[in-house]
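Take a look at the structure below.
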Amino acid sequence: MNTYGYDEAPVNGEVHDYVRRRLNEQAAAKAQACLELLPRVRTERGTCFALDTALTLYAVETPRCGGLPQCDFRVVVRDRVTRSSLDGVDFRTWNQPFATYTFPNGLICVHPIDTWIQYARYLDLVEMVVLGEAIARRFGYAFDDLSNRLKAFRRIVGRARCEAARPFMQPSDSVQETRSRIALLRYGLPMPVMHHVVTAPGGTTRYVVDMAYPERRVAIEYDGDHHRRFRSQYVRDQRKRRELRAMGWTVIEVFADDIRNADGQRDFARTVANAAGMPFTAAPSHAHRTLADPSLRPNARRGEYRRRALAREAAMHRPMVR
């Protein structure tokens with residue numbers, strides 16, 4: 001049980017311990033800052049932290065989100081009347097029956113699963129998958145817990161993204177592992193096997209790889225900067241990959257820069273496809289077509305309304321053919 005009242009998820013190895021320790025340190029710092037903020041907030045209903053502030057307090061990785069302004073704190077209120085004006089505080093109105101969690105230190109946050117649902121207004125489909133897996137990994141939720149909770153909400157922005165994200169969710173060890181997997185699907189490769197176990201000749205040694213296409217003997221390993229932070233971890237990774245290659249496997253290492261943008265993701269997927277002898281289509285298969293569905297982008301409906309309005313305006317000024 002940690003400072004914030006949650007059981008720690010079981011982790012293995014120095015890398016996982018380092019990531020968890022870093023997230024816990026960020027949570028402790030944010031908790032102290034939130035406690036110092038409370039006397040400045042004037043509300044009779046209590047201050048409920050939300051979105052990225054809630055995730056930081058929960059020690060959960062935050063998603064890539066371009067739809068929210070930079071701020072020090074994110075607070076949710078159920079109506080505009082209870083909003084305040086404070087430097088560094090972004091008040092978000094969300095008139096939904098969201099649940100809350102109160103930490104032992106008195107801080108109140110939107111419940112983790114409801115935080116995922118609230119984010120649906122701001123995140124694209126990929127980051128909804130990333131966040132769903134991160135929350136499930138942190139608290140041990142089943143993925144169906146997320147989709148089942150959605151039934152309690154009515155007329156929420158982003159419901160379609162929540163529903164579309166669920167089929168893509170898989171147990172994963174990190175947000176970057178999730179992004180790597182989704183990049184493969186987005187550019188036409190089939191779903192890889194997660195955490196595949198390769199047994200060495202003789203059966204005495206077993207190697208676990210992040211992702212694999214076993215029938216093609218291709219393994220994919222995400223290699224973050226923290227993997228090289230610890231010499232023993234780095235040596236183990238290199239020995240494992242050397243042994244796998246000696247057994248006839250192709251091992252592809254993926255780095256943060258490889259999946260930072262669409263061009264890098266496409267090149268990464270092409271590299272894997274070539275190694276596996278698979279056709280590279282650069283487009284998702286029929287089963288994964290929602291990854292490229294423009295109607296599932298944030299503000300897609302607003303953009304469509306604007307396109308129609310501009311088209312009508314242009315038609316009004318178009319010269320008539322006589």
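Nothing in this text is a laboratory measurement; each read-out follows from the coordinates by a stated rule. Fair warning: this is a prediction, and the values are worked out from it, not measured in the lab. Cβ sites come from the backbone with ideal geometry, for glycine too, and all protein chains shown count toward neighbours.
Quick one: compute a quarter of the convex hull surface over the Cα atoms of the range 96-159 and quote it in nm².
Numbers: hull surface 18.2 nm².
Here the figure is 4.5 nm², rounded to one decimal.
Using alpha carbon centroids, what distance separates the range 241-301 and the range 144-219, in Å?
Their Cα centres are 13 Å away from one another.
For the range 175-284, what is the percent of antiparallel DSSP beta bridges, rounded to the nearest 5? Let's see the in-between values first.
On the way: 9 of 14 bridges.
So the antiparallel bridges in the range 175-284 amount to around 65 percent.
Could you give the length gained by full extension between GLU163 and VAL208, i.e. 0.36 nm per residue of separation minus their alpha carbon distance, to one decimal place?
Details: separation 45, 0.36 × 45 = 16.20 nm, distance 3.07 nm.
Difference between extended and current length: 13.1 nm.
What are the extents of the Cα atoms of the range 175-284 along their three principal axes, listed from largest to smallest and rounded to whole Å?
If we take the Cα atoms of the range 175-284, the spans are 40, 32, 18 Å.
With label points built 7 Å along Cα→Cβ from the Cα atoms of TYR18 and TYR234, find their separation and express it in nm.
Those two pseudo-labels are separated by 0.9 nm.
Using r as the Cβ-Cβ distance of ASN148 and HIS111, and R0 as 22 Å, what FRET efficiency do you calculate, to the nearest 0.05?
0.95
Give me the mean projected area, in nm² to one decimal, of the convex hull enclosing the Cα positions of the range 13-166. Present the calculation step by step, with values, prior to reporting the outcome.
Numbers: hull surface 37.3 nm².
Over all viewing directions, the range 13-166 projects a mean Cα-hull area of 9.3 nm².
Using the alpha carbon gyration tensor of the range 209-271, what are the three equivalent-ellipsoid semi-axes (square root of 5 times each eigenvalue), largest first, in whole Å?
Its equivalent ellipsoid spans semi-axes of 20, 18, 7 Å.
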